Structure formats: structure tokens, C-alpha cells
1. Looking at (1) modelled with pLDDT of 85 or more; (2) surrounded by 15 or more Cβ atoms within 10 Å (Cβ to Cβ), find the lone condition where E469 falls short.
2. All but one of (1) within 19 Å of P283 (Cα to Cα); (2) modelled with pLDDT of 90 or more hold for F218; state the number of the condition that does not hold.
3. Restricting attention to region 162-175, and to residues there that are touching a residue at least 60 places away in the same chain (Cβ under 8 Å) and in a strand (DSSP E or B), which single residue is surrounded by the most Cβ atoms within 10 Å (Cβ to Cβ)?
4. Touching a residue at least 24 places away in the same chain (Cβ under 8 Å) and either on the phi > 0 side of the Ramachandran plot or out of contact with any His (no Cβ under 7 Å at 6 or more places or on another chain) (or both): which single residue out of M555, M625 fits that description?
5. Does region 152-161 hold any residues that are of a type outside the set (V, I, T) and surrounded by 13 or more Cβ atoms within 10 Å (Cβ to Cβ), and which are they?
6. For region 353-376, indicate whether the set of residues that are surrounded by 18 or more Cβ atoms within 10 Å (Cβ to Cβ), closer than 14 Å to I593 by Cβ, modelled with pLDDT of 85 or more and small (G, A, S) is non-empty.
Amino acid sequence: GNHRNTHIGLYDLQTKQNERDLRIISCSINNERTLLAVSFRQYTEEERVSQLLQSVSKYLTLLIEIHPINNVRVLKAVDSCVRVQFLYPVEGRNTSTASRLLIVSEDKYIEQFDIHVAEEEHKMVIQNSGQLPRAQVADDLIWAQWDMMEQRLFYIVPKESRSTLKCVQFYPDENSNSILESHLDISVNDTQLKLVNFGYDYCQDQDVASKSLNLQVFTSKAGGLCVCCSVASDIPDEITYSIYFLHKGYNKTFTVSLEGTESHQLKEVAFMNLDYYVAAYLPGQFLHLLNIQHPDLLCYSLFLTGEDARIDMLQNCYIRSPLMSTVLDCHVGCIYAVSISDSALLQFLQNSKRDSERLAALHCALLHFRHTEDLEVQIIWWISENLSTCHSFDPIQEFIIASLYCRMCSETHNLDKLLPYTSLLDWIEIIPGVTCATDIISLPVLAFQNSKGFWEKLNSNLESVKYAEPHLHYHNNVLRKEWRSILIALLLCSFGDFCLFTNQREERRTTAYLRNIFENAKKVLSHMDTCDSEERLVPLFQEEDYQQQLLMGLMVAQLKDHLMRHLQYVGKKKIDQIVLDYVANLLNLVHRIMKEVWRRYQLHSCIFCFDERGSAGEFAVFHIMSRILEAANGMCMPLPPGFHTLHLGLGVRCLPLHTLLHYIDNGVLHLTETCVRKLLK
């Protein structure tokens, strides 16, 4: 209606009008569509006084049979506002004769009614003749949120200076379980109950919003659990909000200085759940996308202002996020799907001036959108144009590591906690106008048995935090040390100045070890042949490079040992496959960069004609290959066989002789047997 009320009433077929309009607060229909629960306000306080109805309750909560409309049960007749919500079983379950209804009272309690429906003469009627069975779900709460998709009830109970977040999970078998308890350092002084996702009453919600804590709980498919809240700041033109990453054991509090805003224009921060990201949005001011999986470094979160922070159709709105990737415009009554635009993100990546923005956009594109060939091509082109503009990180390293992380983590549960997702160890760059404070918080306590899905993933995330999560990710320190020691030993042995073995037994053991390492490399290269049947545009993989094969084999061995320590339940055969996929994909990514660069500069494979100078395109490719080599050395990462030969061939064509020899002396260019033979010829 025009006055922001929803109306339900008895319809007269003759007059074609409702006999009476009701001022609805809340209504819900059961899964079988046989029962309707509705709460409404009978009279305002002024109407009661004027009509001398002091003994009549202000609010009624009714349970109505739909087929046929012949029975109405009064569940509540009180002077306090009530919300109703039926529980829903999983989709595809057979029709049930039992329904469960939650009653949420502003007197700060939640009850559950059990209702049984029976079929009588083709009519669905309520079976209970007397009082309906009821049970207390929660008491003394000051905030509650309903998760309609996952059938979860989150609520907060105040305890002295701290608050306790709890969660009740409702199951299809008509059972429920208090599954989570987490202490939050949030002081709540509200006297009025704040409800989220229990329906929307414009007048009441506007009144409560002005007085109460703005708080929402979000979950992600990967087992992330975030509490987002904002509190009124004492300083004008300043907004403060906190994100509690409960699955990581810390919270981040952000204070944002606002510019050009009148105090009466300020609205509260709206939070949105985008699965991989939580968004804090203040229309006309900023849009902050916080990475849920990797919130430790701020460079993986996007802070947007101006036109970049604009969300179409949500400019001056009072909004809520009732479901993942959706927002409700409370003023208009429309619900919208919300997603990050890949084209807008790529444009932002290309136009960004700060390293933090570039890195956050790059990770968002690689991890959030997954991989499409067109997206990959555009990112590679951006990298080739911006190798000298990124000062705080290496874009080639981040592209390779993030791409591998994205491709591999879906293969096995918990693999995301063991593979690296970045080459960075820390980040010190700050966001202008934004301060951030990080605090360690206690981990949530879970109480469940044999629970699958979200709770299992959340428990896994909490376990990894307990066991020092950063140390679980694979690192190349040991690999680098082992590779260098073997190379030095083999080099000295080749000159006869050093004996690698002290006795025959050690010689046999070391020989078997090296044979196994090179066998690993052969498996990787043969695995690549099956993965990439496309005719190779770039002349790689056409020769043997024993140094790179040694590094490949060592990476296979060490990554396999790392995964075996933490994924015993997966099995050796599966881990072998994961490791081969990882190293093969790594080499393919380098080849993919080379292929796109080769195409862009229109090079051909005949680069070993040393009687003419290289073109401008060849010099550009030589520079990019030098940066690929630098990135590979930084990560101790193998390169495709033939890379060093190709790099040196381009160097011979593009560099003056003294510069070429200087590059060789300093290890920028590597002499290979193939290239030396061609040079001598």
C-alpha cells in the first residue's frame, strides 16, 4: 500500500473488496502451503484509548489453515510486537505433516511451535485440538538474525561488558542443535531488540536503526564466518566499522574520514555478502571489499571511492543483504542480485595508480572470476605493459601463484590451506584516509557431531588457525637450499675437484635419489604433453634442460612430502596426481605468458639467425623474458625446457656484445648446450 503496509484480509466475492484491512507486522507460510502464520497490530495506543479498549491486546499472532479457510488459531495476544517464521526442510524431501514455527518476541525471547496437520475429507486441518507443543529456543537476547537458506538462527546474549554470539542449526529431521558460541568484544546498550531477516517493517526498523547497533553475520561457502558491525562515531565526518573474521581469530576495525558530507546526510554503513568478499558500503562515499579467505594483508581488499564506488540503482538507499550476493532496497521494496563486474574490474586494474589497488584487483580477477581464456589474455597483456610500474610486488609472481591456487584448490578439501596464494610476506602501504587496527580475538567454540558442509569447513579453518596457519602453506626455502647444494656438488664433481660420495653405499643411495628426481621431472613433462595438445607457437619444450629438470623433480618431491604430512586421508595416488598437476600447470602458465607475448609482438620461431639485429618486438619480448626469469628465481620456480636457450638467442640478437657477456657473467642469461652449439656454428 501507499503507507508502506502489507494488507491481508477476508475478500468478499460480491463486493470484490476486503472486509477489513490488517496492519501486518510479519507473516510466513509453511513448506506444504497448508498453513499461514501472521502477526498484526489490532490497534494503536491512541485507538485503544479513544475506543476504551484497554483490556484488548495491541498485537495478535494467528495460525490460519489455508485448505480450506475454516480454522484460525490464536497463538499470541499480547502488547508486544511478534515476528513469525516457519522452518523449511531441505529441497526434495517428501511432503511432511509436521511444521515448525518460530515466534520471535520483542520481549527478547524466541519460541518454537510444533504443528501437525492431518487430511480429513480432502481438507488439511490442524491435528492438535488443545495447546500446541512449544519449546524455548533462546531467551534474554538483544539481537537475532535468521539465515533462511541454511536454516540457522544467530543471536546475541549480553554478558556484562562482553556479548556472546550463539547459533542454533535447524535440521530437516525436526531436530536442532546449539552449534556455535563466540565471545565478542562488543558492548551493546540497546534496550530494544534488533532483528535481521525477519521481515521488514519500515516504521519500526527505521526507529530501531537510529538507536541500535548495526550488526550482521555473513557466512561463505569456504567456511568463512564474519560478524560485521558499525557504531556511531563521536567525531563528525568519520565512520567506524569492524569486521570480525571469526574463522581466522582476529578482527579489523576501520576508521574512514569522510569528505564533503553534511552530518545530516550521513547514513549507517550497509554490509553485503558477496561470498568471497564482504562489502562495507556507504552510498556516495566508499565501497570497501574485504577478502574473507585472505584478510591478513590489506592489499587483497579493495577500497573504492568516487565513481569506482558507485553501485547502480543503490545510490541513496536504506539497504540490507538478506541473502548471499543480494541486496534489499528497503525503501522501494525491490531485491537485487549483486556481483562484481569483470569488465569494470579489468578497467579499474588498468587505470589504478597505487600498488595496493593493482594487487587487490589482480587477485580479485584471478580468484573471484576463476579462469576464462579472454580474462587471462587481458591480464597477461596488462602485466606485460606494467612490469616497471609495480614497485611493491612482482605481477608475474602473483599471476602464477594466484592462478595455480585458483586452479588447484578445488581438487581436494583443505588444499587451500597448504598451497601458497601469494609471494608476499607482509604489506606496509596504507590506504589514504583510512586507519586500520587489528585485534586478536578468541576462536568460536563449535559443538557438533558428523556435521557436513559449512560447519565442517569452518571447523577445518579453526583447526588450521590453532596450528599456526602461515606455517602450513608450502614454501620454497628448503627447495632452494637443496637445489643449490646439488648443483654445486654436481659441478665440482664434473671438474674432479670434489667427491660427492664417501662410500659405495652412499653413492648408490644418492644415485637412486637423483634418478628418482629426474623420473619425477619426466612424469611432469609427459603429463604436460597430455594436457596441452595445441601446436606450440613458442619454441619451448624442444630440448632437455637438466638444471630445470632437476628443479622440477625436487619441487615434485618436496611438495609431495609437504602434502603427505597434512593430507594423509587423501591417499598417495591422489597426492601424486595433485603434485604433477601443480608443477605441470606452473610450466603451462609460463608457456601461456610466452605464447600471448609472442602473438602480441608477432614473432616467429626462427630467432637463431645471428646475422641480423633483433626487432623492437624481439627486444620487448627479451625484456619480458628477463622479468619472468627474475620472478622464477625469486620463487625458486622451474621454467620450461628451452626457455634459457630462447632467452639467450634473443639476447644475442638484441644486445651489444659487451652487454651480452656482462649478462652472462651475472647470471641474467644462461648458456645452454643447444645455444652454444648454434653460436659456434
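1. Only one criterion is unmet by E469, namely (1).
2. Of everything listed in (1) within 19 Å of P283 (Cα to Cα); (2) modelled with pLDDT of 90 or more, F218 misses just condition (1).
3. Kept after step one, since they are touching a residue at least 60 places away in the same chain (Cβ under 8 Å), are these residues of region 162-175: 165, 169-170, 172, 174.
The next check asks that each one be in a strand (DSSP E or B); those that pass are 165, 169-170.
Details: L165: 23, Q169: 19, F170: 21.
Here the residue is L165.
4. Details: M625 fails: either on the phi > 0 side of the Ramachandran plot or out of contact with any His (no Cβ under 7 Å at 6 or more places or on another chain) (or both).
Exactly one residue qualifies, and that residue is M555.
5. So in region 152-161, the residues of a type outside the set (V, I, T) come out as 152-155, 158-161.
Residues satisfying the conditions are R152, L153, F154, Y155, P158.
6. no
Every residue, every condition in (1) of a type in the set (V, I, T); (2) over 22 Å from P444 (Cβ atoms); (3) not in a strand (DSSP E or B), yes or no:
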| site | (1), (2), (3) |
| --- | --- |
| F218 | no, no, no |
| C228 | no, no, no |
| S233 | no, yes, yes |
| T253 | yes, no, no |
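Residues checked against (1) farther than 26 Å from C406 by Cβ; (2) touching a strand residue (DSSP E or B) at 6+ places or on another chain (Cβ under 7 Å); (3) among the β-branched types (V, I, T):
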position	(1), (2), (3)
Q293	no, no, no
Y300	no, yes, no
F303	no, yes, no
P322	yes, yes, no
S325	no, yes, no
D342	no, no, no
N351	no, no, no
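The values are calculated or read from the model by the stated rules, or taken from the named source; none is laboratory data. Predicted model, so just to flag it, every value in this text is computed and none were measured. Note that each Cβ is placed from the backbone with ideal geometry, even for glycine, and that neighbours are counted across all protein chains shown. Quick note on the areas: whole protein, heavy atoms, side chains included, nothing else; ligands and nucleic acids left out. Shrake-Rupley method; radii C 1.70, N 1.55, O 1.52, S 1.80 Å.
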